[in-house]
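*Asks:* My structure is below; once you've seen it, I'll send some questions.
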Amino acid sequence: MNYQEVIQYLYNATPVFEHIGAAAYKPGLQTTEALDAHYGHPHEHYRTIHVAGTNGKGSVSHSLASILQEAGLRVGLYTSPHLVDFRERIRVNGECISEDYVIRFVEDFIRWNSADEQSTEHQDTLYPSFFELTTALAFKYFADANVDVAVVEVGLGGRLDCTNIIRPELCVITNIALDHTQFLGSTLAEIASEKAGIIKPGVPVVIGETTPETKPVFEKKAQETHAPIFYAEDFTWPAPLPDFELKGSYQTRNLQTILCAANQLEEIEKHNVENIVSVIPQALSHVCQNTGLMGRWQTLHEQPLVVCDTGHNPAAWQYLAPQITSQPCRQLRIVFGMVDDKDIDTVLAMLPKHACYYFTQASTHRAIPAERVAELARHHQLNGNTYPTVAQAFQAAFADAHPDDFIFVGGSSYVVADLLSDIDF
């Protein structure tokens with residue numbers, strides 16, 4: 001098999017949440033535990049940090065990885081989804097896993113699993129989801145790459161997420177908002193309970209943001225597990241704050257969470273490294289360079305100004321919408337699309353009415369058709385044309401734009417992914 005054949009196997013032979021949504025969701029850890037046992041429990045060979053939350057967990061994960069790298073550690077980073085290449089999900093010191101390693105892992109898995117299927121002595125043939133198999137790949141790769149520590153982002157929820165087999169040295173929960181309610185619950189307290197499932201006995205946990213509904217949930221779980229709990233909202237960093245490369249206005253709260261978590265890592269990692277706090281300014285000013293992070297208020301072009309962002313739910317857009325509106329420009333142009341499990345009506349209500357819109361759909365089965373997006377948008381006095389692909393929508397916006405205009409591209413991670421894949425800046 002070559003690399004493209006292996007990627008097609010992962011997409012087609014395993015259920016992929018990014019492609020088909022709810023049908024790919026497999027709660028429970030049984031399959032993950034079986035994979036983990038087969039590969040020799042690789043996550044036990046290095047230290048881990050576990051990051052959950054509704055929004056911001058990718059930015060926080062990348063930033064903590066950057067800090068640990070600058071401190072001289074060999075750092076694994078497991079995040080999702082990817083934007084351009086599958087290999088973005090699994091990195092060591094910012095470098096993506098090699099194509100050869102992915103090929104070997106998948107071929108070995110197919111041989112092993114096929115042998116079990118054909119043998120009358122084995123009744124344990126596995127049918128992992130895309131994320132379960134990818135998680136096993138990441139954990140094994142980090143062990144083979146001899147990382148010192150791995151920053152592991154939760155895929156969905158926490159309690160039943162397949163990353164939750166690790167016993168980390170620090171847990172981080174960024175925030176709680178109404179998202180993926182079909183899996184995690186319909187209230188903030190219910191969702192918080194699922195996210196709090198990553199809290200482990202005796203393991204410190206940093207909570208980025210709380211509400212009156214969520215704080216008691218975290219307090220109760222921490223008491224039950226005797227886990228020291230720290231609230232980023234109460235943490236004070238000595239002035240001045242370090243310059244943060246990630247410029248989205250929502251990053252202000254992420255930065256508070258990152259600094260509180262880094263303060264805990266200074267104590268936790270003191271026997272392995274002595275300079276975590278001292279490297280924070282350098283690390284936070286070079287997050288993208290150190291870790292390859294993309295799609296967070298990312299500037300792609302200057303005249304006209306082109307920015308993309310992966311914010312994809314109301315909790316993200318409550319920050320994005322005002323920042324977009326406040327950007328000085330001659331004319332605001334927005335390339336916009338969303339997927340079908342998000343609260344599009346609430347997001348549309350936040351969008352600026354004075355913008356020129358280019359409604360589109362990402363290349364995923366979960367994308368809301370551009371015509372439907374436009375129809376819903378008209379109920380909010382938002383008007384524009386529709387385009388069958390993100391590339392066509394962006395090209396139209398760019399062709400219409402004056403050098404002093406501002407083009408924003410977003411609404412979904414998949415819209416940003418298509419933009420970065422199809423447009424050569």
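*Asks:* To make sure I understand the rule: partners must be aspartates and glutamates, Cα under 17 Å from the Cα of residue 247, and not fewer than 8 residues away in the same chain. Which ones qualify?
*Replies:* Excluding near neighbours in sequence, the set is 302, 309.
*Asks:* Ranked highest first by the average count of other Cβ atoms within 10 Å around their residues, in what order do 203-211, 219-227 fall?
*Replies:* 203-211, 219-227
*Asks:* Where only protein heavy atoms count, and the probe is 1.4 Å, what is the accessible area per residue for the chain in Å²?
*Replies:* Accessible surface, normalised per residue, equals 41 Å².
*Asks:* Now a separate question. Any chance you could check the Cα centroid distance between region 136-173 and region 311-333 for me, in angstrom?
*Replies:* That distance is 33 Å.
*Asks:* Using the Cα centre of region 267-349 as the reference point, and only Cβ charges (+1 on K/R, -1 on D/E), how large is the resulting charge dipole? Debye, rounded to the nearest 20.
*Replies:* The dipole of region 267-349 has a size of about 360 debye.
*Asks:* In the set [x] 35; [y] 40; [z] 53, which value of percent of Cα pairs over 31 Å apart was calculated from the structure you see?
*Replies:* The value computed from this structure is option [y].
*Asks:* Tell me, in nm to one decimal, what length is gained between residue 252 and residue 219 on full extension, where the rule is 0.36 nm per residue of separation less the Cα-Cα distance?
*Replies:* Extra length available between residue 252 and residue 219 comes to 9.5 nm.
*Asks:* Excluding residues on the same chain fewer than 8 positions from residue 270, give the aspartates and glutamates whose Cα lies under 17 Å from its Cα.
*Replies:* Correct list for residue 270: 70, 148, 169.
*Asks:* Then there is this: Could you tell me which residue out of 237, 264, 216 lies farthest along the dipole of region 213-273 toward its positive end? Charges go on the beta carbon: Lys and Arg +1, Asp and Glu -1, centred on the Cα centre.
*Replies:* Of the options given, the answer is 216.
*Asks:* How many percent of the accessible area of the chain is carbon or sulfur, using a 1.4 Å probe?
*Replies:* 48 percent
*Asks:* Only four residue types carry charge here, +1 at the Cβ of Lys and Arg and -1 at the Cβ of Asp and Glu. Report the dipole size of region 312-421 about the Cα centre in Debye, rounded to the nearest 20.
*Replies:* 120 debye
*Asks:* Antiparallel DSSP bridges in the chain: what percent, to the nearest 5?
*Replies:* Taking every DSSP beta bridge within the chain, about 20 percent pair in antiparallel fashion.
*Asks:* Rank 409, 217 by accessible area, highest first, at a 1.4 Å probe radius?
*Replies:* Correct descending sequence by accessible area is 217, 409.
*Asks:* Using Cα centres only, tell me the gap between region 183-214 and region 234-299 in whole Å.
*Replies:* After rounding, the separation between the Cα centres reads 22 Å.
*Asks:* Where does each of 141, 9 land when they are ordered by accessible area, with a 1.4 Å probe and the largest first?
*Replies:* In descending accessible area the options line up as 9, 141.
*Asks:* If you stretched the chain out fully between residue 375 and residue 74, how much longer would it get, using 0.36 nm times the residue separation minus the C-alpha to C-alpha distance?
*Replies:* The residue 375-residue 74 span can extend by a further 103.4 nm.
*Asks:* A further question on this structure: Let me spell out the model: positive unit charges on the Cβ of Lys and Arg, negative unit charges on the Cβ of Asp and Glu, origin at the Cα centre of the chain. What dipole size does that give, in debye rounded to 20?
*Replies:* The calculation lands at about 780 debye.
*Asks:* Also: Could you sort 144, 341 by accessible area so the largest value comes first, with the probe set to 1.4 Å?
*Replies:* 144, 341
The values are calculated or read from the model by the stated rules, or taken from the named source; none is laboratory data. Fair warning: this is a prediction, and the values are worked out from it, not measured in the lab. Cβ coordinates were reconstructed from backbone atoms using ideal geometry, including for glycine residues, and neighbour counts include every protein chain displayed. Each accessible area value is taken on the protein alone, full model and side chains, heavy atoms only, with ligands, DNA and RNA left out. Shrake-Rupley method; radii C 1.70, N 1.55, O 1.52, S 1.80 Å.
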